[in-house]
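In what follows, a single structure is set out as structure tokens and then discussed.
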Amino acid sequence: MSECRGACAEVDSDTEAVAGKGFKLGCISCKMRREVEAIATVEWYFRPKGEADFVHIYTYNEEGPLVEHDDFMDRLDWNGTKRSQDIQDGSIYLLNVTFNDTGTYRCFFNRILFYANHENSTVISKVVQLSVVAKATRGTASIVSEVMMYVSIIGLQVWLLIEMIYCYRKISAAGEEALREAANAEYLAIASESKENCAGVQVGE
């Protein structure tokens, strides 16, 4: 069978959190072969800005979630794959973000793949560089998208206006042509009737 990722897509995590709000630390590792059974555990580590070492903050395995560090107690929730040991989404949700949460987060997927005659263990890591701000800032892509949306709307309105003017002129021209044709037909009918009357008078004389 060919490689297949199914519905899994390795989307990068956002990297800017707002102080006092919640934030999803994304970590996705898609299994390359869907038909191969597997189990995985996920571990998260954190290195505060300016520090040299990582500290273990979270573990998720077959026994469930476990917060490993007091600074994150009651502030981390599992936001990844549910009801399956074959974890591909290892994201977690950080509650009540503070400026002290600024730093580098690293998640590790410890995955065991079960083949017919052997098992294969892999370790995959993902890194999230998180910055915490007082107020959400808009990214360049968001601004460009909004500008393009307004340009598209204005362009569409101009096009519709041109179409309306064109249709009005076409209908007006068609109406004038119909009036001319009706006038010509009436003139020809009157002229024909006059000729017939003149012919009748001559015959009578």
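The values are calculated or read from the model by the stated rules, or taken from the named source; none is laboratory data. In this text the structure is predicted, and so the values were computed from the model without any measurement. Every residue, glycine as well, gets a Cβ built from its backbone with ideal geometry; the counts of neighbours run over all protein chains shown. Please note that ligands, DNA and RNA were not included when accessible areas were found on the heavy atoms of the full protein model with its side chains. Shrake-Rupley method; radii C 1.70, N 1.55, O 1.52, S 1.80 Å.
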> Does Glu43 fit the bill of being over 30 Å from the mean Cα position of the chain (by Cα) and more than 15 Å from Gly26 (Cβ to Cβ)?
Replying inline: no
> Among all residue pairs at least 6 apart or on different chains, which show Cβ distances below 7 Å where the first residue, located in region 131-152, is in the same structural domain as Lys21 (by the TED database) and the second is at pLDDT below 65 and of a type in the set (Ser, Thr, Tyr)?
Replying inline: none
> Got a sec? Which of Tyr45, Tyr58 is touching a helix residue (DSSP H, G or I) at 6+ places or on another chain (Cβ under 9 Å), in the same structural domain as Ser121 (by the TED database) and under 26 Å from Asn100 (Cβ atoms)?
Replying inline: Tyr58
> Which residues, counting only those in region 90-108, are open to solvent by 40 Å² or more (accessible area, probe 1.4 Å) and either touching a Ser or Thr at 6+ places or on another chain (Cβ under 7 Å) or of a type in the set (Lys, Arg) (or both)?
Replying inline: Arg106, Phe108
>> Tell me whether region 59-78 contains one or more residues that are in contact (Cβ under 8 Å) with a residue 40 or more places away in the chain, within 25 Å of the chain's Cα centre (by Cα), assigned to a strand (DSSP E or B) and surrounded by 10 or more Cβ atoms within 10 Å (Cβ to Cβ).
In response: no
>> Against the condition among the β-branched types (Val, Ile, Thr), closer than 21 Å to Val18 by Cβ and in a strand (DSSP E or B), how does Val128 come out, does it pass?
In response: yes
> Does Leu113 qualify as being open to solvent by less than 80 Å² (accessible area, probe 1.4 Å) and more than 22 Å from Asp12 (Cα to Cα)?
Replying inline: yes
> Any idea which of Ala174, Ala185 is modelled with pLDDT under 75 and more than 27 Å from the chain's Cα centre (by Cα)?
Replying inline: Ala185
>> I'd like to know if region 147-154 contains one or more residues that are out of contact with any helix residue (DSSP H, G or I) (no Cβ under 8 Å at 6 or more places or on another chain), modelled with pLDDT of 85 or more and of a type outside the set (D, E, K, R).
In response: yes
